[in-house]
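**Q** Below you'll find the structure I mean.
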Amino acid sequence: MTGSTNRDVARHELERTIRAELASTRYSQRWMPTAPTAESMYEQFEAQREEIGLRNLLGAVQAVDGNVATAGARAVSQSVPPHCLP
């Protein structure tokens, strides 16, 4: 039983770390320069790519916790920028 509890604690710690990284990524995206340059556009692309990866990882952690049905749909819907949706 202890092994299961340790794994649960580790998963919750991982989820908390991922959420903190997502918050950091969102914060850094707010401070992007408004006049687009090639470098700022690349940085914005990289920040969005990192956010998508973190959301996918968060969805996987939530799926392991038993939220399989909702975690995947939530991760996908939150990772796609609104202007890319059909």
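Rule-based calculations on the coordinates, nothing more; no lab input. Bear in mind the structure is a predicted one, so any value in this text is a computation, not a measurement. Cβ coordinates were reconstructed from backbone atoms using ideal geometry, including for glycine residues, and neighbour counts include every protein chain displayed.
**Q** Which whole-Hz couplings ³J(HN,Hα) result when phi for each residue of segment 51-58 is put into the Karplus expression 6.51 cos²θ - 1.76 cosθ + 1.60, θ = phi - 60°, listed in order with x for Gly and Pro?
**A** 5, 4, x, 5, 5, 5, 5, 4
**Q** Modelled label-to-label distance, residue 44 and residue 63, 7 Å Cα→beta-carbon offset: nm?
**A** Roughly 3.1 nm, to one decimal.
**Q** Each residue of segment 8-14 in order: what ³J(HN,Hα) in whole Hz does its phi give by Karplus 6.51 cos²θ - 1.76 cosθ + 1.60, θ = phi - 60°, with x for Gly and Pro?
**A** Per-residue couplings from phi come out as 4, 5, 5, 5, 5, 5, 5 Hz.
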